[in-house]
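This report concerns only the one structure given below.
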Amino acid sequence: MTEPPPFRADLHCHSTCSDGSLTPQQLIHKAKAIGLQALSITDHDTMEAYLTAPQAAADVGLTLITGAEFSTVHRGHSVHLLAYAYRQGESTIQALCRRHRERRDARNKAIIDQLRAHGIQITVADVVGEAAPGTMLGRPHIALAMIRKGYVGSVREAFQRYIGDQAPYYVQGDPISTEETIATLHQANAYAVLAHPHLLPDGNLVHELLELPFDGIEVYYGTFTTEQEARWLKIAQQRGLLATGGSDFHGAIKPHIPLGCSWAPEETFQVVWKRFCDNNYALP
Ligand code: AMP
Ligand code: ZN
Ligand code: FE
Ligand code: FE
């Protein structure tokens with residue numbers, strides 16, 4: 001007898017509302033086509049995908065959970081924090097997204113100024129032109145503008161030579177702390193999950209971060225090996241944290257990572273789904 005396929009809920013992917021290359025509708029159709037049971041679209045610092053995604057998910061019969069990936073800073077280090085199950089349009093999170101938009105506009109301009117000062121003649125308009133109107137613009141869009149003008153051959157090269165975290169023209173911008181972001185999410189009764197913990201620079205930082213009131217940690221991740229998953233699963237179990245998972249699919253800017261290549265187990269999905277239903281469908 002053949003085993004039934006595993007329950008797959010991809011709880012980490014990006015749409016054209018941030019630096020992904022598929023629209024929320026296209027993502028949902030793709031998720032359905034490849035047989036995922038559930039999806040959360042987790043764009044950087046924006047909930048915009050949920051203006052259109054719920055209808056698209058209802059149309060194809062896919063379970064969709066609200067999500068976002070917030071850029072936070074702890075002791076000067078960049079820390080990505082996944083938010084789940086918030087009420088659609090939640091005002092506290094909307095206010096956080098507005099702050100991020102301002103932060104990003106100023107930060108992107110500062111990076112572009114640095115590049116221009118060093119002979120890379122791209123403009124804010126060039127970068128805006130790389131994305132649909134209203135997109136939460138980030139460094140990948142700056143990289144695309146650099147490619148279009150012939151300064152680099154790939155997004156990867158742009159990050160390595162110019163705008164990656166360790167590269168010369170990176171500007172972090174106004175930090176919004178990890179602690180404050182968790183508090184904002186909890187105020188909205190949403191879950192706060194530490195994303196791709198392996199990208200943090202050292203174990204001390206991980207343990208320090210896990211002293212904060214996180215609800216979960218991303219144990220299953222696009223590019224993880226089984227050993228890496230086992231390590232993070234052990235930490236999640238020791239601390240009683242949700243073990244979430246997802247691909248971090250972006251489409252064209254990271255073409256080697258397919259949608260659904262990593263996912264949350266069904267028991268985690270059920271917990272997050274219950275919170276989503278409590279927040280979104282509670283009777284008055
Ligand atoms: P930002 O949020 O604007 O600071 O840009 C960070 C985003 O750029 C990350 O979330 C990734 O999606 C993408 N990114 C970071 N490093 C790289 C890289 N080396 N190559 C391609 N994309 C990257
Ligand atoms: Zn991204
Ligand atoms: Fe991330
Ligand atoms: Fe991501």
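Being closer than 22 Å to Thr72 by Cβ, crowded, with 18+ Cβ neighbours inside 10 Å, among the basic types (Lys, Arg) and within 15 Å of ligand 2 (Cβ to nearest atom) is a property that holds for Arg107.
On the stretch given as the range 22-48, residues that are farther than 19 Å from Ala195 by Cα and within 16 Å of ligand 3 (Cβ to nearest atom) total 0. Remark: pairs (first residue in the range 239-256, assigned to a loop (DSSP other than H, G, I, E, B); second residue more than 12 Å from ligand 4 (Cβ to nearest atom) and among the hydroxyl-bearing types (Ser, Thr, Tyr); Cβ separation under 6 Å; 6+ apart in sequence or on different chains) = Gly251/Ser21; Ala252/Ser21. Kindly establish whether Ile235 is over 17 Å from Tyr86 (Cβ atoms) and over 21 Å from the mean Cα position of the chain (by Cα). Criteria met by Ile235. Being farther than 18 Å from Val272 by Cα, without any contact (Cβ under 8 Å) to a residue 60 or more places away in the chain and out of contact with any His (no Cβ under 6 Å at 6 or more places or on another chain) holds for only one residue in Ala33, Ala68, Ala57, and it is Ala33. Just name the residue that is surrounded by the fewest Cβ atoms within 10 Å (Cβ to Cβ) out of those in the range 52-66 that are of a type in the set (A, V, I, L, M, F, W, C) and more than 10 Å from Ser40 (Cβ to Cβ). The extreme case among them is Ala58.
For the list (1) touching a Leu at 6+ places or on another chain (Cβ under 7 Å); (2) touching a residue at least 40 places away in the same chain (Cβ under 8 Å); (3) not in a helix (DSSP H, G or I), I need the number of the one condition that Val219 fails. Here Val219 clears every test but (2). Residues that are of a type in the set (Ser, Thr, Tyr) and away from ligand 2 (no atom under 16 Å from the Cβ) within the range 187-238 comprise Tyr191, Tyr220, Thr225, Thr226, listed in sequence order. For beta carbons closer than 7 Å, sequence separation of 6+ or different chains, a first residue in the range 1-26 that is on the phi > 0 side of the Ramachandran plot and a second that is at pLDDT 95 or above and in a strand (DSSP E or B), there are no qualifying pairs.
Among the residues of the range 1-51, those identified as of a type in the set (A, V, I, L, M) and in a loop (DSSP other than H, G, I, E, B) are Met1, Leu11, Leu22, Ile34, Leu36, Ile41, Met47.
Just so you know, in the range 27-44 the residues that are under 17 Å from the mean Cα position of the chain (by Cα) and surrounded by fewer than 24 Cβ atoms within 10 Å (Cβ to Cβ) include one that is nearest to ligand 4 (Cβ to nearest atom), and it is His44.
Is one or more of the residues making up the range 169-186 modelled with pLDDT of 95 or more and within 16 Å of ligand 2 (Cβ to nearest atom)? Taking every residue of the range 169-186 in turn, at least one turns out to be modelled with pLDDT of 95 or more and within 16 Å of ligand 2 (Cβ to nearest atom). Of these, Leu194, Leu242, Leu199, Leu212, which one is surrounded by 12 or more Cβ atoms within 10 Å (Cβ to Cβ), within 16 Å of ligand 4 (Cβ to nearest atom) and modelled with pLDDT of 95 or more? Just one listed residue meets the conditions, Leu194.
May I ask you to list the residues in the range 245-268 that are surrounded by fewer than 16 Cβ atoms within 10 Å (Cβ to Cβ) and over 25 Å from Ser18 (Cβ atoms)?
Answer for the range 245-268, where residues must be surrounded by fewer than 16 Cβ atoms within 10 Å (Cβ to Cβ) and over 25 Å from Ser18 (Cβ atoms): Glu266, Glu267.
The values are calculated or read from the model by the stated rules, or taken from the named source; none is laboratory data. The shown structure was predicted, so the numbers you read here are calculated from the model rather than taken from an experiment. Cβ coordinates were reconstructed from backbone atoms using ideal geometry, including for glycine residues, and neighbour counts include every protein chain displayed.
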